[in-house]
Amino acid sequence: MAKPLVPDDLWAVIEPLLPPARPKPQGGRPPVPDRAALTGIVFVLKTGIQWEDLPAEMGCGSGMTCWRRLRDWQAAGVWARLHRVLLERLHGADKLDWTRASLDSASVPAKKGGAATGPNPTDRGKPGTKRHIVVDGHGTPLGLTLSPANRHDSKMLAATLDAIPPVRRRRRPGGRPRRRPDKLHADKAYDHRFCRNDCRHRGIIPRIARRGIEDSKGLGRHRWKVERTLAWMARFRRLTVRYERREDIHLAFTTLAAALICLNQVR
């Protein structure tokens, strides 16, 4: 039997975060239920199909209806809050390893261009987007950002660290939120003085490989977990190629994928 795309545990987390439906004083057709629209969004994210190919038999409404929900919920901050709530659940259960984090990036083609795209030097100058992600010691995604594919990884270190939301312990709601790991592992692309300064200014110990000094064979002792997380994200077929011209839509898909990875960690 096929697994539901929006199981009860996911819906229980996201339902309180959704904005109320807009009133329709003029009447009209009843809106597509939020859970049905979320099912269509997750289906597109996992399979990578085009919006217009969304099967009507699923009862999710049209592809444009699901696209508008994705856009509106991104503007309302739903996906970012969903990610933060799931991180708080993990933090409350002592399932986040803040002692060491890892940072890395991956580039994907951007067929239609748009914001946060640029010529990819590793793909013959074709348009591309780079996905930057920082994970905890278990590989749980803590924060992510997007940039043009031609932007150097080191330029996005500070922004990616600042993308980590403040995470509170739910069983101790009055405590101080946590948003900084103790130590950060990164490869030789981040071997710059300003990267180390960015870490130290945030109270993070930099553990960045040095070019020409350290053997590359020993670099993956801790960093392999961020590479595994990037591979997890690549399993969402909609993220292997960026088809969205709008940056906010692609960021919405990416944040939702990170939240679904966190949900698997919660389970």
_Using a 1.4 Å probe on the protein heavy atoms only, what accessible surface does residue 67 show? Give it in Å² to the nearest 10._
50
*With every protein chain in place, what's the accessible area of residue 168 (1.4 Å probe, Å², nearest 10)?*
100
*For residue 249, what is the net charge nearby, where nearby means another residue's Cβ is under 12 Å from its Cβ and Lys, Arg count +1, Asp, Glu -1?*
+4
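Compare the peptides 13-19, 103-109 by average per-residue count of other Cβ atoms within 10 angstrom and give them in order, highest first. Write down the numbers at each step before the final one.
On the way: 13-19: 15.1, 103-109: 21.0.
My ranking of the peptides, most packed first, is 103-109, 13-19.
Could you put 246, 178 in order of accessible surface area, largest first, with the 1.4 Å probe and the full protein assembly present? Don't skip to the answer; put the middle values down first.
Details: 246 100, 178 70 Å².
So, going from the largest accessible area down, we get 246, 178.
Would you list 232, 51 from the most to the least accessible area, probe 1.4 Å? Write out the running numbers ahead of the final one.
Values: 232 70, 51 30 Å².
Sorted descending by solvent-accessible area, the residues read 232, 51.
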*Degrees separating the helix 247-266 axis from the principal Cα axis of the chain, which is the longest one*: 80
*Quick one: angle between helix 63-75 and the longest Cα principal axis of the chain, in degrees between 0 and 90, rounded to 10, please.*
50
_Quick check: pseudo-label points 7 Å beyond the Cα along Cα→Cβ at residue 200 and residue 213, how many nm apart are they?_
1.3
*Return one number: the angle in degrees, 0 to 90 and rounded to the nearest 10, between the long axis of the Cα atoms of helix 78-92 and the longest principal axis of the Cα atoms of the chain.*
60
_Keeping every protein chain present and rolling a 1.4 Å probe, give me the accessible area per residue for the range 128-267 in Å²._
48
*Give the accessible surface of the range 3-72 per residue, rounded to a whole number of Å², with probe radius 1.4 Å and ligands, DNA and RNA excluded.*
60
*Would you rank 58, 233 by solvent-accessible area, highest first, keeping every protein chain in place and using a 1.4 Å probe?*
58, 233
*asked:* Explain nothing, just compute: Karplus ³J(HN,Hα) = 6.51 cos²θ - 1.76 cosθ + 1.60, θ = phi - 60°, for every residue of the range 227-237 in order, whole Hz, x for Gly and Pro.
replied: 5, 5, 5, 4, 5, 4, 5, 5, 6, 7, 4
*All other residues with a Cβ under 12 Å from the Cβ of residue 153 taken together, and with Lys, Arg as +1 and Asp, Glu as -1, what is their net charge?*
+2
*Given a cut-off of under 8 Å on Cα pairs at least six residues apart, what relative contact order in percent is computed for the chain?*
22
*Would you compute, from DSSP H runs of 4+ residues alone, the mean residue ellipticity of the chain at 222 nm, taking -39500 (n - 2.57) per run and dividing by the full residue count, rounded to the nearest 500?*
-11500 deg cm²/dmol
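Using the Cβ atoms and a cut-off under 13 Å, what net charge is assigned to the surroundings of residue 113, where Lys and Arg are +1 and Asp and Glu are -1?
Numbers: positive: 111, 112, 126, 242, 245, 246; negative: 244, 247.
That works out to +4.
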*Residue by residue through the range 40-47, which ³J(HN,Hα) values in whole Hz follow from phi under the Karplus form 6.51 cos²θ - 1.76 cosθ + 1.60 (θ = phi - 60°), with glycine and proline marked x?*
x, 5, 5, 5, 5, 4, 7, 9
_Relative contact order, percent, the range 1-94 [alpha-carbon distance under 8 Å, six or more residues apart]_ = 31
*Roughly to the nearest percent, how much of the accessible area of the chain is carbon and sulfur, given a 1.4 Å probe?*
51
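The values are calculated or read from the model by the stated rules, or taken from the named source; none is laboratory data. All figures in this text were calculated on a predicted structure; none of them were measured in a lab. Note that we place each Cβ from the backbone using ideal geometry, even for glycine, and neighbour counts take in every protein chain shown. SASA here: full protein model, heavy atoms, side chains in, ligands and nucleic acids out. Shrake-Rupley method; radii C 1.70, N 1.55, O 1.52, S 1.80 Å.
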